[in-house]
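Data block below; observations after.
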Amino acid sequence: MALQDYGTALVTGASSGIGAATVRLLAGRGLTVHAVARRAERLAELTEHGAVIPHALDMRDRAALYELFGGLEVDILVNSAGVGSQFDPFHELDPDKIDATLDTNVAGTVHAARALSPGMVARARGHIVNIGSIFGLHAISTAVYGASKAAVHRLSQDLRHDLKGTGIRVTEVSPGRAATEIFATMTDDTAAQGAMVDGFEIITADDVAEAVVWALDQPWRVNVSLIELTATEQIPGGVTIHPVPGRS
Ligand SMILES: NC(=O)c1ccc[n+]([C@@H]2O[C@H](COP(=O)([O-])OP(=O)(O)OC[C@H]3O[C@@H](n4cnc5c(N)ncnc54)[C@H](OP(=O)(O)O)[C@@H]3O)[C@@H](O)[C@H]2O)c1
C-alpha cells in the first residue's frame, strides 16, 4: 500500500515543525489532509498547499477529540503533537508541565490512534505513524519527556501486536534534535533556545517529514517499524562525569 493507495491523512501537531512539514508533503502528493492543532490561524496557512482541512483542537480534550476524529474517514494518522520540558531540572519541574507533557505526548497519541483505528480496521486500510524521539530510545536526560517518548516507543511496538491481522501498518519515527519551534515553547531564554540549534548542522522538520513519507510510501508488504534519525554531528548518549558538591 504505497502512498498513492491512500486517500486521506490526519496529522496532529500540524501548526508547526514536523507536523506542518508532513502536511505540506502529503498535500503535495495529492492526499486530503486533516490538520489538527490548537492555533487555528497557523493551520489556515496550510490550506494553500493543497486539500488541507484545518481543525482547531486541544489534544488533551478527550471528548472533543473523539467527537471530531470519530466522524472522519482517515487512512493515515501521523501523531506529531508534542511538548517538551528539557530546560527544567526534574526536582524543580512544575507539576502542571508534567501533566501537559504526559497528557499531550502519551494520552493524546493513544486516544488519536484509538479513535481512528476502528475505521481503519473496518476498511482494512490504515497506517499509524507516531513521532517519538531519541529520548524514548536512549537515556539522555529529561525524565518526564523521556518517559513520555518511551511510552510512544512501546505503544508503537505493541500496536503491531494488537492490530495484527487487520492490515494496519504502524511506524515510529524518532528524531534527534530538529530545528523547530519546540525549544521556544519550553523557555523564554533565547540564548538557551539558540544553544539547542546552533553550532552544528541540525536536521530540519522537512528531513523528518521525508522519513515519514518514505515509510508511508513502501509497498504494503513492508512495515517500517522504527526510524531513528539524528544530525550526523549529534550522537545520543555518552558518558560524562558530574562531581557532587561535598562528595568529591
Ligand atoms: N524538534 C525536536 O528536536 C524533536 C526531537 C524529537 C522529537 N520531537 C517530537 O516531534 C513532535 C513535533 O514537534 P516539533 O519539533 O515539530 O515541535 P513544534 O514545532 O513545537 O510542534 C509541536 C506541535 O504540537 C502541537 N501541540 C502541542 N500541544 C498541543 C495540544 N495540547 N493540542 C494540540 N496540539 C498541540 C503544536 O500546535 P499548537 O501549539 O498550535 O497546538 C505544534 O503544532 C513532538 O512530538 C516532539 O516531541 C521533536
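The values are calculated or read from the model by the stated rules, or taken from the named source; none is laboratory data. Computed from a predicted structure; not experimentally measured. Because the Cβ atoms are built from the backbone with ideal geometry, glycine has one as well, and the counts that use them run over all protein chains shown.
Points to keep in mind about this one:
- Residue satisfying all of: in the range 112-142; of a type in the set (A, V, I, L, M) and at pLDDT below 95; farthest from Ala205 (Cα to Cα) among these: Ala139
For every residue, the table says whether it meets (1) of a type in the set (Asp, Glu); (2) without any contact (Cβ under 8 Å) to a residue 60 or more places away in the chain.
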residue	(1), (2)
Val170	no, yes
Val173	no, yes
Asp189	yes, no
Gly194	no, yes
Phe200	no, yes
Ala215	no, no
Arg221	no, yes
Leu226	no, no
Ile235	no, yes
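- The residues of the range 136-169 that are β-branched (Val, Ile, Thr) and either assigned to a loop (DSSP other than H, G, I, E, B) or under 21 Å from Asp103 (Cα atoms) (or both), listed by number, are Ile140, Thr142, Val144, Val152, Thr166.
- Val78 meets each of the listed conditions (1) more than 14 Å from the ligand (Cβ to nearest atom); (2) touching a Leu at 6+ places or on another chain (Cβ under 8 Å) apart from (1).
- Within the range 123-151, the set of residues being among the hydrophobic types (A, V, I, L, M, F, W, C) and free of Cβ contacts under 8 Å to residues at least 60 places away in the same chain comprises Ala124, Ile128, Phe135, Ala143, Val144, Ala147, Ala150, Ala151.
- Scan the range 162-193 for residues that are within 8 Å of the ligand (Cβ to nearest atom) and among the β-branched types (Val, Ile, Thr) and the total you get is 3.
- Close pairs (6 angstrom Cβ cut-off, 6 or more residues apart or separate chains): closer than 16 Å to Asn79 by Cα in the range 155-166, among the acidic types (Asp, Glu) anywhere: Ser156/Glu172
- Filter result for Met196 (surrounded by 14 or more Cβ atoms within 10 Å (Cβ to Cβ), within 12 Å of the ligand (Cβ to nearest atom) and in a loop (DSSP other than H, G, I, E, B)): no
- With respect to the conditions (1) within 11 Å of the ligand (Cβ to nearest atom); (2) out of contact with any helix residue (DSSP H, G or I) (no Cβ under 6 Å at 6 or more places or on another chain), Leu159 falls short on a single one, namely (1).
- Residue match in the range 59-67 (condition: over 26 Å from Ile98 (Cβ atoms) and modelled with pLDDT of 95 or more): yes
- Residues that are closer than 20 Å to Ser117 by Cα, under 18 Å from the mean Cα position of the chain (by Cα) and among the hydrophobic types (A, V, I, L, M, F, W, C), drawn from the range 27-68: Val33, Ala35, Val36, Ala37, Leu57, Met59, Leu65
- Unmet criterion (only one of (1) more than 19 Å from the chain's Cα centre (by Cα); (2) within 16 Å of Gly82 (Cα to Cα)) for Gly71: (2)
- The condition (being under 19 Å from the mean Cα position of the chain (by Cα), over 18 Å from Ala35 (Cα atoms) and surrounded by fewer than 18 Cβ atoms within 10 Å (Cβ to Cβ)) is satisfied by just one residue among Asp88, Asp99: Asp99.
- Test result for Ser117, crowded, with 18+ Cβ neighbours inside 10 Å and assigned to a helix (DSSP H, G or I): yes
- Restricting the range 24-40 to residues that are in contact with a Gly (Cβ under 9 Å, 6 or more places away or on another chain) and assigned to a helix (DSSP H, G or I), the residue that is farthest from the ligand (Cβ to nearest atom): Gly28
- Residue pairs whose Cβ atoms lie under 8 Å apart, separated by 6 or more positions or on different chains, with the first residue in the range 36-58 and closer than 16 Å to Asn79 by Cα and surrounded by fewer than 17 Cβ atoms within 10 Å (Cβ to Cβ) and the second modelled with pLDDT of 95 or more and acidic (Asp, Glu), are Arg38/Asp58.
- Test: residue in the range 229-244 that is at positive phi and among the small types (Gly, Ala, Ser): yes
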